[in-house]
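All remarks here apply to the structure that follows.
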Amino acid sequence: MNIDHTGILTRDLDALERWFEALGFVLSPRSRHRLALRPGEETVPGNTANRCAVFADSFIELLGIVDPSAPDPWGVNGVPDGFRIFYVRSGDLEADERRLRDEGVPTLGIRSLERPVDTPDGTRTLRASALHVDPKATPEGFLGIARHLTPEYLHQPRYLDHPNGALRVSGLTVMVDEPELDAYADRYARIIGVPARAEGADRVLNLPDGHVRLVASSGRSHFAGMTVRVRDVEAARTLVDGNGVPTRTAGQGFTVTGFGADVTFVQ
């Protein structure tokens, strides 16, 4: 498995779009989700739409609640705005569902979604499926495993050249209430299918092109930050600074904060 996407939930998608553009991301056009409420049923318009910062093998989803009266199969209407979404990618959700069931991880089952997307050849339908871990078991946010049935409509070459030089989402940081750290590490290891190792006081799960870092803290557990790899971190910082977004040094890279998320840029 590898990182598929991170996501920020908002009721002001316009403002979130402007912030990400100021960070130097190219965003795909806005698209309304259509969802099947039960397996095998026809899809219907959902309550959300998105725009995405797309890379060759991952993406960041800007997820807006655009019609609270529409079907809300994921239960996002009652969730506060902020960094709420993290999915890894798999090619066999049925096997993953059996594995998680055997591991004692509760899920909501596999659900299908689709949305219309603009392509150079006209409008096409992007299709995907996702295995959602039961949100009652993941108070930090929505966590799951995704499978893309039409990846060519998501990872379109014309959206991959970002002014900030972004290449992929390479990390997730989760702040975890300290007494729960080992339980969280065990749960993430079962969901993602890789072991968690101690790194100082943290627990880290290494993926082929990224990592998940669990950091002990006091208070509510939550998704705190995402890491984005760029071609040239100094050039990226110059661009972001020039767009008036405050930055701060973080190791060999830099971090910006907004909409409930830290976004850290690294070489």
Would you be able to say whether some residue in region 79-88 is at pLDDT 95 or above, more than 15 Å from Leu143 (Cα to Cα) and surrounded by 15 or more Cβ atoms within 10 Å (Cβ to Cβ)?
yes
In region 232-267, anything part of a loop (DSSP other than H, G, I, E, B), in contact (Cβ under 8 Å) with a residue 40 or more places away in the chain and within 21 Å of the chain's Cα centre (by Cα) is listed as Phe259, Gly260
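Considering only region 151-176, how many residues are among the polar types (S, T, N, Q), outside any strand (DSSP E or B) and closer than 20 Å to Gly253 by Cα? Even if it seems obvious, please write down each step before you answer.
Our first condition is that a residue be among the polar types (S, T, N, Q); within region 151-176, this holds for 156, 164, 170, 173.
Cutting the leftovers down to outside any strand (DSSP E or B) gives us 156, 164.
Going one step further and asking which of them are closer than 20 Å to Gly253 by Cα, we end up with 164.
Here the count works out to 1.
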Just the residues that are within 28 Å of Gln156 (Cα to Cα) and either touching a helix residue (DSSP H, G or I) at 6+ places or on another chain (Cβ under 7 Å) or of a type in the set (Phe, Trp, Tyr) (or both), please, taken from region 90-134.
Ser90, Ile110, Val117, Thr119, Arg124, Leu126, Ser129, Leu131
Quickly run through region 118-150 and pick out the residues that are part of a strand (DSSP E or B) and basic (Lys, Arg).
Arg124, Arg127, Arg147
Report yes if some residue within region 124-132 is among the β-branched types (Val, Ile, Thr), surrounded by 15 or more Cβ atoms within 10 Å (Cβ to Cβ) and either on the phi < 0 side of the Ramachandran plot or without any contact (Cβ under 8 Å) to a residue 40 or more places away in the chain (or both); otherwise report no.
no
Residues that are hydrophobic (A, V, I, L, M, F, W, C) and within 18 Å of Thr138 (Cβ to Cβ), drawn from region 53-78:
Leu63, Trp74, Val76
Taking strands (runs of 3 or more DSSP E) that fall entirely within region 17-76, which contain at least 3 residues that are within 16 Å of the chain's Cα centre (by Cα)?
44-54, 59-65
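The values are calculated or read from the model by the stated rules, or taken from the named source; none is laboratory data. Please read these numbers as outputs of a predicted model, since none were measured by experiment. When we count neighbours, we look across all protein chains shown, and the Cβ atoms used for this are built from the backbone with ideal geometry, even at glycine.
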